[in-house]
Amino acid sequence: MKPTGQEIRPLASSLWMIALMLCAAVATNTALGAIYTLKNNVQVEGVPGKISSLGVDPLKSNGGGAASPKLILFVDDNIRRTFFSFYQFQSQVPSPEASLEKIVIRQRVAQGGKRLASVGVILGVTPFDEFGRRVFKLVSARGPLDIYQGITEITPTYTKVEGLASKTPIVWETRIATSSIPRTTLSNILTNHLDMNKPSDRLRIVRLYMQAERYQDALFELEAAIEKFPDLANLKDQVRELYQHLAEHLIREIELRQDAGQYVRTFQWLSNFPRKGVANETLLQVRDLLNEYQTTITKRDEVFALLDQHYESISDEGIKQQLLPILDEIKTQLTVNTLSRMAPYLRLSDDEDLTAGAKLALAVSGWLMDEGGEIENLAVATSLFEVRNAVRKYLAIDNLVEHQEILEQLSELEGSSPQNVTRLLAAMKPAVVTEPQDNGVPGFYHMKTPGLTGEPDVEYLLQLPPDYDPYRRYQVILTLHGAGTSPQQQLEWWTGAYDKKMNMRMGQATRHGYIVIAPAWHKGKSQEYGYSAREHAAVLFSLRDACRRFNIDTDRVFLSGHSIGGDAAWDIGLAHPDLWAGVIPITATADKYVSLYWENGRRVAFYFVGGEMDGNRVALNARDLNRYLTRPGFDTMIVEYRGRGHEHFHDEIHRIFDWMNLHRRQFFHEDFKCSSLRPWDNFFWWVELADFPDRSIVVPLAWPNPQARASTTEGVIGPNNRVRVRSAARQVTVWLSPEMIDFNERITVSINGRLYGQDIEPSLEVLLEDVRTRGDRFHPFWARVGS
């Protein structure tokens, strides 16, 4: 029936009011409470609370005893609770008031029946269907159990999922991140549960997407609503606003990719930046970013022209022949990441007081030793090229005779001082040349490296980020798979799957420019982590081999793992705290050495992720986690998902990257104290140990040994060039670096009370052998003393 004119006017008025609602306050007022800023600059937001201990109901009476201090703070954001220590607290501000859309999905929720106390082993989870329902399959005490679940509430940040009525109903409420639901699935659910013939319902979907910053989805829904309801044409201003939001989002993505060193792709995106509905200010910002690229290209071309000009000014043919390979290397390998090395050369290129040779010396030494290492002596500068090449050869081979020959060669070359070699190491490409592998995925490698004596080679997968440049330092995630999963699956949790159309992986490690390493660390059919030397070696040897081949920022290496891979990450993170910028155990369990190594965690940051209904894992871990949260000196964050079990928790990946981006390793602590119970847990920062007392050794096969006591090693870098170490180990080696002492002053090293120092001198052999074996080009040791 066609509406009359009298009916049209109220309808138009109603649509106008709906349009106003698009930007107005909506159904759910969510006062999240507080934003906490921690001492590590991490920010967390949610409804705040305090407890005295994990694993204890904060509402339960303490039986009349003295109340324990509530040193554990947390925030609840409706998906998860994030716990941190009072000692990590820095500041707190109220959260801004937010009015968030909440769409209720009608389902037949289980009202009676059993209440799920914990989530057993997960056998599988079906995708949500178009009605927001799925089947969650797990192992219960009576065998396999299918639980029917349905989405009952959708907000921009979280989605509530509840158990549904069935023959065997299970009462269970859980939360997932709305961002984890695929766009098509979410759209189908909303379409089936809302009335698409009502403009108010269509606009509720638009609001939901806008508040979730899913601007492309919001734009699609809004344009569809305007087409269906012409009276909503006044919302075309909102369409333009969404185009502007999309443009600003793309700018932020471009800036993120620029920070990650992905200049080729960002230049392409800027060159093809969409203009429809985009404000002039944004287009000017795009133009400025493109101009920065053009300025870089102009500077690079200027460097090349000046190099040619100054080269032609050299009259000595012998010197010109020496310069040819150096200048050719600069011209073929100079990039956005290394152009700053030419800054002093560009600045002084027209200085009339400098000869052409002195100017070329600035260019050559700047290229080889980075900005700050420039010299004006061309003979020394060209000699540095020979030194650098000899150093690369030393690091790339494993032959004692050739090593000695190279050391003799270096002793005769000008500029081969430890100071210069340290600069050369930091500025050069990795020594071991690794050609791309033809496997269909750019930057993807399947590598092998020798394992322990008598053990098979260690295999690992490695994915480089887009536009990888061997002269740029990259953050690394070393990630350990769980039982029943593979290194490939573990790698793709971080990198995403390969997209042929985009010619790259589409995950978060790709966006942020991280290298991801996934070793095949777990062998056999065992469902448990063995705490063994072989497992440790698989992790550590993979990292060291990768450091020799790729430009890894050794101060930005993060260790992670899922399930028993999380158990391993926790243990290895504590056993070798000097290697990691942070450790991220996901659904991990504390066992064996973890409880005895807890003090090792003072010098390495931890980010734990788990589910509150993951069996009795919370209780099993409570003692160790409480130690981290109730004592000063620990940088620990614990994330517990509401109503969730033993899952992969991909919902958390954005927050994990926020956390990692704020953490880096401090390699030279003024003091440390660490425990050892295994013979291979024998190095901490600048101290190496051997020959522990028998009473301090318990190998995994002999666990437990109630009589054993962990040996303790303490190290202190004191004033006046004094270094002190106390350890129960009979053999102690102290490695010395210019980052911890001054080699130009008297050095005193005390090892268990015995003094050393008279004969401590920098050694090129010590330096190169240290870098070759550890793989760390950025913190080389120059000397060592030992008991």
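The values are calculated or read from the model by the stated rules, or taken from the named source; none is laboratory data. Here the structure is a predicted model, which is why all the values come from computation and not from measurement. No Cβ is skipped: glycine too gets one built from the backbone with ideal geometry, and neighbour counts run over all protein chains shown.
Identify, by number, the condition in (1) in contact with a Leu (Cβ under 8 Å, 6 or more places away or on another chain); (2) part of a helix (DSSP H, G or I) that Q404 doesn't meet.
Against the list (1) in contact with a Leu (Cβ under 8 Å, 6 or more places away or on another chain); (2) part of a helix (DSSP H, G or I), Q404 comes up short only on (1).
State whether the residues of the range 352-362 include one that is out of contact with any Pro (no Cβ under 7 Å at 6 or more places or on another chain), surrounded by fewer than 23 Cβ atoms within 10 Å (Cβ to Cβ) and among the charged types (D, E, K, R). It would help to see each step written out before you state the result.
Applying the first criterion (out of contact with any Pro (no Cβ under 7 Å at 6 or more places or on another chain)) to the range 352-362 yields 352-361.
When the remaining residues are screened for being surrounded by fewer than 23 Cβ atoms within 10 Å (Cβ to Cβ), the result is 352-358.
Right, trim to among the charged types (D, E, K, R) and you get 352-353.
Looking for residues that are out of contact with any Pro (no Cβ under 7 Å at 6 or more places or on another chain), surrounded by fewer than 23 Cβ atoms within 10 Å (Cβ to Cβ) and among the charged types (D, E, K, R), one finds at least one in the range 352-362, hence yes.
So, of the residues in the range 527-541 that are among the small types (G, A, S) and part of a loop (DSSP other than H, G, I, E, B), which turns out to be farthest from G775 (Cα to Cα)? Break it down stepwise before answering.
As a first pass, look at the range 527-541 and keep what is among the small types (G, A, S): 530, 532-533, 537-538.
Subsequent filtering for residues that are part of a loop (DSSP other than H, G, I, E, B) retains 530, 532.
Values: G530: 26, S532: 23 Å.
Of everything passing the filter in the range 527-541, G530 is farthest from G775 (Cα to Cα).
Within the range 539-548, is there a residue that is more than 21 Å from W680 (Cα to Cα) and either in the same structural domain as T773 (by TED's automatic domain parsing) or surrounded by fewer than 24 Cβ atoms within 10 Å (Cβ to Cβ) (or both)?
Yes.
Across the range 432-474, which residue is nearest to the chain's Cα centre (by Cα) among those that are surrounded by 15 or more Cβ atoms within 10 Å (Cβ to Cβ) and β-branched (V, I, T)?
Here the residue is V441.
Please name all residue pairs, on different chains or six or more residues apart, with Cβ atoms under 6 Å, provided the first residue is in the range 692-709 and is in contact (Cβ under 8 Å) with a residue 60 or more places away in the chain and the second residue is part of a loop (DSSP other than H, G, I, E, B).
Short answer, once both residue conditions are applied: P700/G530; P700/Y531; P700/S532; W703/K592.
If I filter the range 133-147 for residues that are surrounded by fewer than 21 Cβ atoms within 10 Å (Cβ to Cβ), among the hydrophobic types (A, V, I, L, M, F, W, C), outside any strand (DSSP E or B) and out of contact with any Ser or Thr (no Cβ under 7 Å at 6 or more places or on another chain), do I get at least one hit? Steps first, please.
Let us first name the residues in the range 133-147 that are surrounded by fewer than 21 Cβ atoms within 10 Å (Cβ to Cβ), namely 133-135, 137-146.
Filter again for among the hydrophobic types (A, V, I, L, M, F, W, C), leaving 135, 138-139, 141, 145.
Now restrict to residues that are outside any strand (DSSP E or B): 141.
Among the residues that remain, those that are also out of contact with any Ser or Thr (no Cβ under 7 Å at 6 or more places or on another chain) are: 141.
Yes, because at least one residue in the range 133-147 is surrounded by fewer than 21 Cβ atoms within 10 Å (Cβ to Cβ), among the hydrophobic types (A, V, I, L, M, F, W, C), outside any strand (DSSP E or B) and out of contact with any Ser or Thr (no Cβ under 7 Å at 6 or more places or on another chain).
Looking at this structure, is A363 outside any loop (DSSP other than H, G, I, E, B) and within 19 Å of E312 (Cβ to Cβ)?
Against the criterion (outside any loop (DSSP other than H, G, I, E, B) and within 19 Å of E312 (Cβ to Cβ)), A363 qualifies.
Quick one: is F649 of a type in the set (F, W, Y), within 27 Å of V171 (Cα to Cα) and under 24 Å from the mean Cα position of the chain (by Cα)?
Details: of a type in the set (F, W, Y): yes; within 27 Å of V171 (Cα to Cα): yes; under 24 Å from the mean Cα position of the chain (by Cα): yes.
For F649, the condition - of a type in the set (F, W, Y), within 27 Å of V171 (Cα to Cα) and under 24 Å from the mean Cα position of the chain (by Cα) - is met.
Let me spell it out: the conditions are (1) surrounded by fewer than 19 Cβ atoms within 10 Å (Cβ to Cβ); (2) more than 30 Å from H522 (Cβ to Cβ); (3) within 25 Å of the chain's Cα centre (by Cα), and K393 meets all of them except one. Which number is the exception?
(3)
Within the range 536-547, can one find any residue that is more than 14 Å from the chain's Cα centre (by Cα) and at pLDDT below 95?
no
Only one residue in R423, R473 is basic (K, R), in contact (Cβ under 8 Å) with a residue 24 or more places away in the chain and not assigned by TED's automatic domain parsing to the domain that holds S542, so which one is that?
R423
Go through the range 187-230 and report how many residues are under 32 Å from the mean Cα position of the chain (by Cα), among the hydroxyl-bearing types (S, T, Y) and either surrounded by fewer than 23 Cβ atoms within 10 Å (Cβ to Cβ) or assigned by TED's automatic domain parsing to the domain that holds R133 (or both).
Residues meeting the conditions: 2.
Quick one: which of A568, A619 is in contact with a helix residue (DSSP H, G or I) (Cβ under 8 Å, 6 or more places away or on another chain), small (G, A, S), closer than 26 Å to S53 by Cα and touching a residue at least 12 places away in the same chain (Cβ under 8 Å)?
Exactly one of A568, A619 is in contact with a helix residue (DSSP H, G or I) (Cβ under 8 Å, 6 or more places away or on another chain), small (G, A, S), closer than 26 Å to S53 by Cα and touching a residue at least 12 places away in the same chain (Cβ under 8 Å), namely A568.
Against the condition touching a helix residue (DSSP H, G or I) at 6+ places or on another chain (Cβ under 6 Å), surrounded by 24 or more Cβ atoms within 10 Å (Cβ to Cβ) and assigned to a helix (DSSP H, G or I), how does L559 come out, does it pass?
When the stated conditions are applied, L559 does not pass them.
I'm checking my understanding of the structure. Among residues of the range 279-319 that are in contact with a Phe, Trp or Tyr (Cβ under 8 Å, 6 or more places away or on another chain) and within 17 Å of S340 (Cβ to Cβ), which one is surrounded by the most Cβ atoms within 10 Å (Cβ to Cβ)?
Restricting to residues being in contact with a Phe, Trp or Tyr (Cβ under 8 Å, 6 or more places away or on another chain) and within 17 Å of S340 (Cβ to Cβ), the top hit is V303.
Does S417 satisfy the condition of being more than 21 Å from T338 (Cβ to Cβ) and either of a type in the set (S, T, Y) or surrounded by 19 or more Cβ atoms within 10 Å (Cβ to Cβ) (or both)?
Judged against the criteria, S417 is a match.
Residue by residue through the range 567-626, note down the ones that are polar (S, T, N, Q), assigned to a loop (DSSP other than H, G, I, E, B) and surrounded by 24 or more Cβ atoms within 10 Å (Cβ to Cβ).
Filtering the range 567-626 for residues polar (S, T, N, Q) gives 587, 589, 595, 600, 616, 621, 626.
Subset that is assigned to a loop (DSSP other than H, G, I, E, B): 587, 589, 616.
Scanning the range 567-626 gives a single hit, T587.
I'd like to verify a number: residues in the range 429-487 that are of a type in the set (K, R), under 30 Å from I653 (Cα atoms) and assigned to a loop (DSSP other than H, G, I, E, B), how many?
The number of residues fulfilling the criteria is 2.
Hey, could you check the range 169-186 for residues that are out of contact with any strand residue (DSSP E or B) (no Cβ under 7 Å at 6 or more places or on another chain) and not in a loop (DSSP other than H, G, I, E, B) and say which is surrounded by the fewest Cβ atoms within 10 Å (Cβ to Cβ)?
T184
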